[in-house]
Amino acid sequence: MTTTDRRDGLPEAEGALAELAARMRGAVAVDAGLVGIYSGGAWLAERLAKILPGEHPVGYIDVSFYRDDYSKKGLRANVATTTLPFEVGGSRIVLVDDVLYTGRSVRAAINELFDYGRPDSIELAVLVDRGGRELPIEPTYVGARVSVARNLSIVLNRHLDGRLELTVEAERGAQGG
């Protein structure tokens, strides 16, 4: 996996993205749709579509209303629109997320995808797998595996120049997954 000299133990995001793309190259179907979970997964899906060989339509999914903890945690302030510019039914899809933790966001994304049709297959690509799963969800492709305390969140940020950066923050109200 990706190595780092950072004090917080996180890999460099750009290095983890390169590692993720290397693992996906040659394994992902050349016509697979890339569906990024907002927001970090959406940024990654856009970048991967440019890096991976083939023609990969890019879609975006917001799982806010599909989360099993929606009634407990409420709605995030920045709800986005799900956009899937290809037919989901019969498609090969790679669901892309920035940080995999509990598995709840991925479960919600799969539930939402099935509302649009039944894909032939769904694979999961994540920039960072931090462990701590609450559901039996396992990524097909991983850029880096790291461990952080349960009360901390790993957050993907995108700079104005498009460069990606991972940070560790105190847990926010709406836990990702």
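The values are calculated or read from the model by the stated rules, or taken from the named source; none is laboratory data. Owing to the predicted nature of the structure, the values given are computational and were not obtained by experimental measurement. As a convention, Cβ positions derive from the backbone with ideal geometry for all residues, glycine included, and neighbour counts pool all protein chains shown.
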Evaluate region 60-67: report whether one residue or more is part of a loop (DSSP other than H, G, I, E, B), at pLDDT 80 or above and not acidic (Asp, Glu). yes
Count - residues of region 167-177 that are among the charged types (D, E, K, R) and either part of a strand (DSSP E or B) or modelled with pLDDT of 95 or more (or both): 1
For Phe114: the one exception among (1) modelled with pLDDT of 95 or more; (2) not in a helix (DSSP H, G or I): (2)
Applying the selection to region 111-134, what residues are closer than 14 Å to Arg92 by Cβ, free of Cβ contacts under 8 Å to residues at least 40 places away in the same chain and crowded, with 16+ Cβ neighbours inside 10 Å? Pro119, Ile122, Leu124
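Return yes when Leu34 is in contact with a helix residue (DSSP H, G or I) (Cβ under 6 Å, 6 or more places away or on another chain), of a type in the set (A, V, I, L, M) and either under 13 Å from Gly162 (Cα atoms) or modelled with pLDDT of 95 or more (or both) and no when it is not.
On the way: in contact with a helix residue (DSSP H, G or I) (Cβ under 6 Å, 6 or more places away or on another chain): yes; of a type in the set (A, V, I, L, M): yes; either under 13 Å from Gly162 (Cα atoms) or modelled with pLDDT of 95 or more (or both): yes.
So Leu34 fits the description; yes.
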Which one is modelled with the highest pLDDT, of the residues in region 68-78 that are in a loop (DSSP other than H, G, I, E, B) and farther than 15 Å from Gly40 by Cβ? Asp68
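Given the options Thr102, Thr81, name the one that is modelled with pLDDT under 95, closer than 27 Å to Leu135 by Cα, assigned to a loop (DSSP other than H, G, I, E, B) and in contact with a Gly (Cβ under 8 Å, 6 or more places away or on another chain).
Thr102
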For Ala109: the one exception among (1) out of contact with any helix residue (DSSP H, G or I) (no Cβ under 9 Å at 6 or more places or on another chain); (2) among the aliphatic types (A, V, I, L, M); (3) under 15 Å from Gly33 (Cβ atoms): (1)
Hey, Ile137 hits all of (1) assigned to a loop (DSSP other than H, G, I, E, B); (2) at pLDDT 95 or above; (3) buried (at least 21 other Cβ atoms within 10 Å of the Cβ) but one; which does it fall short on? (3)
Just checking, how many residues over region 140-166 are of a type outside the set (Ser, Thr, Tyr), at pLDDT 95 or above, assigned to a loop (DSSP other than H, G, I, E, B) and under 19 Å from Val106 (Cβ atoms)? 1
Identity of the residue in region 20-40, in contact (Cβ under 8 Å) with a residue 40 or more places away in the chain, small (Gly, Ala, Ser) and in a loop (DSSP other than H, G, I, E, B), that ends up surrounded by the most Cβ atoms within 10 Å (Cβ to Cβ): Ala32
Boolean, Ala80 is in contact (Cβ under 8 Å) with a residue 40 or more places away in the chain, more than 24 Å from Leu52 (Cα to Cα) and surrounded by fewer than 19 Cβ atoms within 10 Å (Cβ to Cβ): yes
May I ask you to verify whether Arg158 is among the basic types (Lys, Arg), surrounded by fewer than 20 Cβ atoms within 10 Å (Cβ to Cβ) and within 28 Å of Pro85 (Cα to Cα)? yes
